[in-house]
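The values are calculated or read from the model by the stated rules, or taken from the named source; none is laboratory data. If you're wondering where the values come from, they're calculated on a predicted model, not measured in any experiment. Virtual Cβ from ideal backbone geometry, glycine too; neighbours counted across all protein chains shown.
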Amino acid sequence: MAEYMKSPLMGQMMSQPLLISSIIQHADRHFGSNEIVSRRVEGDLHRYTYRDCHRRAKQMANALKSLDVTIGDRVATLAWNGYRHLELYYAISGSGAVMHTINPRLHPEQIAYIVNHAEDQYLFFEINFLPLVEAFAAHCKTVRGFVMMCDRERLPAESKVPNLMCYEDLIEKHSPDYVWPVFDENSASSLCYTSGTTGNPKGALYSHRSTILHSYASTMPDALNVSARDTVLPVVPMFHVNAWGLPYSVPLTGAKLVFPGPALDGKSLYELFEAEKVTFSAGVPTVWLGLLNHVGQNELTFSTFRRTVIGGSACPPAMMHAFQDKYGVEVVHAWGMTEMSPLGTACTLQSHHMALPKEERNAILEKQGHVIYGVDMKIVDDAGNELPWDGKTYGNLLVKGPWIISSYFKDEGGDVLEDGWFPTGDVATISPDGYMQVTDRSKDVIKSGGEWIGSIDLENIAMAHPAVQQAACIGVFHPKWDERPLLVVVKRLGAEVTKEELVRFYDGKIAKWWTPDDVAFVDALPIGATGKVLKNKIREQFKGYQLPTA
Ligand code: ADP
């Protein structure tokens, strides 16, 4: 960690480390009766308050102590968005241990790799993941016990999982008298692994300080804009970069929390949004497709839902407009990554934009957005020279800030920073007033005749066609141009469109030479563990694809 110059005159303010336990203490003391509602794996709706959550988190902290979990130990979870998972967020990090959320959609071998790499001491899991845990438990070298997140009645009499314990037993057996320990705010608080589309997953190890600063910053009006008047339903999973920080930032504001559990289909989400009067949500584009389809097919409207953050992959403008124009739901496009806790930019307008015509305002809002205070960014060429902010020149996007990693856990990948900046792997433009737009991930850029074609633009145009449900654009081999774009499309249910019509749809919307050479129709696109389209899988699928010869 860097050493800084010391002033002979230090400020005379209370010294209070920024610790995660302070959030749940604050929520209990100042918003104690505000509600947390969870759809459980058991099927029912569970409701309690921040006060109840804090009490049970302290009981769990005592339970962890009885299991000899000490400061710095990693404790893993395989769980949906729900109240028990939230209790663990606070019990584990608050007591000084490290909350390690694992994505249950990964392969059992990948999970075992991550558990062993993290050297997890205990693993908490939701009841429906028992078969998954049985598949990898024997390979976990450091895990001393497994805890099933249920009551005693649901615990199986026999199981292949060694040292299996029951969550509610642990809570019941322990007192809620617990004083949250005070330690250095730079201590590790939680650990998330990147999805590892190339090579093994690497861990981003957050600190208490980085988490609190990220939580403060992300609630601001031009970021997530969460207040005590909101009812927040995080659709983004608590195992995907800590649900973008919402389990911390929402209790910090005192807003009501609604957890969807495993029921992420359009119908279940819609019913929960309506029943619990949800005002604000956040998730990746693929989950919103399901919700929008359900609402559209059944001619429904939202009575309270007013704003959603969409990020994780580019939000197609067609989706943004459907939310805004048909349903009155404001979309805030946001960008970030696991290595950034994850929030980097959010797209909202400034006062000098308000007089612009709607189309120009929309063109700004479709970008990934403006940095939030704490994050700085720049674009550079391959030699590292900074490129201009003109909204046209694109380059490698680099970032820095107090909630961005300085290295991966256990220094995997070595020295990752470039002159103190973290290379994001994204290619972007930045406008003169600081709005960043991702043109592509550098590994997805289509290289045609020495020039780059950004696949996101091509996909966004295709998804604006009424017959297109989802689209992905990849580069395929071309004897003259090296690569040319192939558009891979999933049609909307019952809709018809030809290749020629789709190619013609690009006319006048984009430089002629960017137009895809061909269109392939598929039943579905491969989706990864965090709900993103897997371009590398599509490239594999279309390896050797013959483009039509013009
Ligand atoms: P993983 O690579 O493991 O999926 P993340 O979930 O951290 O990791 O993904 C980060 C990447 O997701 C970013 O580098 C970027 O390529 C992409 N991304 C995130 N938000 C957006 C967005 N709004 N638009 C385009 N791409 C995005």
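Points to keep in mind about this one:
- Of all residues in the range 166-206, those that are hydroxyl-bearing (Ser, Thr, Tyr), within 15 Å of ALA97 (Cα to Cα) and touching a Phe, Trp or Tyr at 6+ places or on another chain (Cβ under 9 Å) total 3.
- Single residue of the range 120-177 satisfying the filter (among the polar types (S, T, N, Q) and more than 13 Å from LEU67 (Cβ to Cβ)) that is surrounded by the fewest Cβ atoms within 10 Å (Cβ to Cβ): SER175
- The residue of the range 178-193 that is nearest to the ligand (Cβ to nearest atom), among those that are among the polar types (S, T, N, Q) and surrounded by 20 or more Cβ atoms within 10 Å (Cβ to Cβ), is SER190.
- Tabulated pairs, the range 92-121, first of a type in the set (Lys, Arg), second in a loop (DSSP other than H, G, I, E, B), C-beta under 6 angstrom, 6+ apart or interchain: ARG105/ALA529
- Here ALA27, ALA63 are screened, and the one residue that is within 15 Å of TYR178 (Cα to Cα) and in a helix (DSSP H, G or I) is ALA63.
- Leading residue by the ranking (nearest to LYS392 (Cα to Cα)) among those in the range 429-457 that are more than 9 Å from the ligand (Cβ to nearest atom) and hydrophobic (A, V, I, L, M, F, W, C): ILE430
- Each residue in the range 531-549 was checked for being surrounded by 14 or more Cβ atoms within 10 Å (Cβ to Cβ) and of a type in the set (D, E, K, R), and 4 of them qualify.
- Filter result (more than 19 Å from ALA529 (Cα to Cα), β-branched (Val, Ile, Thr) and in contact (Cβ under 8 Å) with a residue 60 or more places away in the chain) within the range 283-324: THR304, VAL309
- Some residue of the range 52-72 being within 23 Å of the chain's Cα centre (by Cα) and either buried (at least 24 other Cβ atoms within 10 Å of the Cβ) or in the same structural domain as TRP180 (by TED's automatic domain parsing) (or both): no
- Count - residues of the range 347-364 that are within 14 Å of the ligand (Cβ to nearest atom) and free of Cβ contacts under 8 Å to residues at least 40 places away in the same chain: 0
- Contacts under 6 angstrom Cβ, first residue in the range 325-346 being more than 12 Å from PHE422 (Cβ to Cβ) and in contact (Cβ under 8 Å) with a residue 40 or more places away in the chain, partner assigned to a helix (DSSP H, G or I) and near the ligand (Cβ under 10 Å from one of its atoms), 6 or more apart: PRO342/VAL241; PRO342/TRP244
- Sole residue being away from the ligand (no atom under 15 Å from the Cβ) and either in the same structural domain as ASP426 (by TED's automatic domain parsing) or over 25 Å from LEU292 (Cα atoms) (or both), chosen from VAL476, VAL522: VAL476
- Any hit, the range 316-336, residues being under 16 Å from the mean Cα position of the chain (by Cα), outside any strand (DSSP E or B) and within 12 Å of the ligand (Cβ to nearest atom): no
- Within the range 288-315, restricting attention to residues that are within 16 Å of the ligand (Cβ to nearest atom) and within 20 Å of PRO466 (Cβ to Cβ), the residue that is surrounded by the fewest Cβ atoms within 10 Å (Cβ to Cβ) is LEU289.
- If you go through the range 519-530 and keep only what is buried (at least 18 other Cβ atoms within 10 Å of the Cβ) and either of a type in the set (Phe, Trp, Tyr) or in contact with a strand residue (DSSP E or B) (Cβ under 8 Å, 6 or more places away or on another chain) (or both), you end up with VAL519, LEU525.
- Residue check for VAL309: under 20 Å from GLU366 (Cα atoms) and within 20 Å of the chain's Cα centre (by Cα): yes
- Count of the range 122-177 residues which are under 25 Å from the mean Cα position of the chain (by Cα) and among the polar types (S, T, N, Q): 1
- Yes/no for PRO104 being more than 26 Å from the chain's Cα centre (by Cα) and either surrounded by fewer than 24 Cβ atoms within 10 Å (Cβ to Cβ) or in a helix (DSSP H, G or I) (or both): no
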